[in-house]
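Rule-based calculations on the coordinates, nothing more; no lab input. Since this is a predicted model, take the numbers as computed values, not measurements. Ideal geometry is used to build each Cβ from the backbone, glycine not excepted, and the neighbour counts take in all protein chains shown.
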Amino acid sequence: MGQRYILDTNTIIDYVGDKLPQDSALIMDRLVDEELNVSIIRLPAKVF
């Protein structure tokens, strides 16, 4: 198995907002096009 990546939300927000350096944006382009798997973790609502 090859190298895998975990992307945090700040990185994704900067990528979508075109705020990453060009070399990082190119890596993100490849990851999004070829290797992206999305996991959503839903936490239960807190009841007060």
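The residue list GLN22, VAL32, ILE6 was ranked by how far each Cα lies along the charge dipole of the chain toward its positive end, using unit charges on Cβ atoms, and ILE6 comes out on top. Take 15-21, 26-32, 39-45, 5-11 and order them by the average number of nearby Cβ atoms within 10 Å per residue, most first; the result is 26-32, 15-21, 5-11, 39-45. Note on the chain: with charges restricted to the Cβ of Lys and Arg (+1) and Asp and Glu (-1), its dipole about the Cα centre is near 400 debye. No solvent, one uniform scatterer per C-alpha: report log10 I(q)/I(0) for the chain via the Debye equation at q = 0.20, 0.32, 0.33 1/Å, two decimals. Log10 of I(q)/I(0), two decimals: -0.74, -1.33, -1.36.
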